[in-house]
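The values are calculated or read from the model by the stated rules, or taken from the named source; none is laboratory data. Every value quoted in this text rests on a predicted model; they were computed, and no experiment measured them. Here Cβ is always computed from backbone atoms with ideal geometry, including for glycine, and neighbour counts include all displayed protein chains. To get the accessible areas, we keep the full protein, side chains included, count just its heavy atoms, and leave off ligands, DNA and RNA. Shrake-Rupley method; radii C 1.70, N 1.55, O 1.52, S 1.80 Å.
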Amino acid sequence: MRSEEEVSHAVEAYADMIRRVCFYHLKNRADTEDVFQNVFLKYMLYEKPFEDAEHEKAWLLRVAINSCRDLLKSFFRRNVVSLETIGEIEEDITEEHREVLEAVLSLPVQYKNVIYLHYYEGYTAAEIGRILGKKENTVYSLLSRGRAMLKKKLGGDGIGK
């Protein structure tokens, strides 16, 4: 079990990123907070050492994404309609960015994950491949197809490379 100091440091360093990832997948604050707590509980109970800060960050992202997927696949979640909408996202997002964000969120999960990690979190294709357990070339293909979908949805050049 990790020390209170280690867990506090991880929460301070990665809380915003984990909340964003969870919210983009789950689209409501209550589920986001539940998954957020579970991610850091798993972190606290995970006993193996991390190679470095990037490995720790990638591990937390992977756990967050998997936890979101598990929640979305749950029986309860599949059979209940949420009252909250995408409008709950941070109020300071401009209309132009909101349109792009909504387009990204409407993508199928495999494309949404790589687009989000690449453009919003700044990961390279190789890093995304390690995080998601995919080959680097597969990530490039998913990015390319995701950009094409965004271009079609947004009716323009979409987002740059």
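General remarks:
- Matching residues, the stretch 104-161, being without any contact (Cβ under 8 Å) to a residue 40 or more places away in the chain, of a type in the set (Val, Ile, Thr) and loosely packed, with under 14 Cβ neighbours inside 10 Å: THR124
- Count of residues meeting criterion [touching a helix residue (DSSP H, G or I) at 6+ places or on another chain (Cβ under 6 Å), among the hydrophobic types (A, V, I, L, M, F, W, C) and modelled with pLDDT under 95] in the stretch 23-49: 2
- Some residue of the stretch 12-19 being assigned to a helix (DSSP H, G or I), free of Cβ contacts under 8 Å to residues at least 40 places away in the same chain and open to solvent by less than 50 Å² (accessible area, probe 1.4 Å): yes
- ALA30 being farther than 20 Å from PRO108 by Cα, in contact (Cβ under 8 Å) with a residue 60 or more places away in the chain and either assigned to a helix (DSSP H, G or I) or of a type in the set (A, V, I, L, M, F, W, C) (or both): no
- Residue match in the stretch 51-73 (condition: aromatic (Phe, Trp, Tyr) and at pLDDT 90 or above): yes
- Among the criteria (1) open to solvent by 60 Å² or more (accessible area, probe 1.4 Å); (2) out of contact with any helix residue (DSSP H, G or I) (no Cβ under 9 Å at 6 or more places or on another chain); (3) at pLDDT below 85, the one GLU84 does not fulfil is (2).
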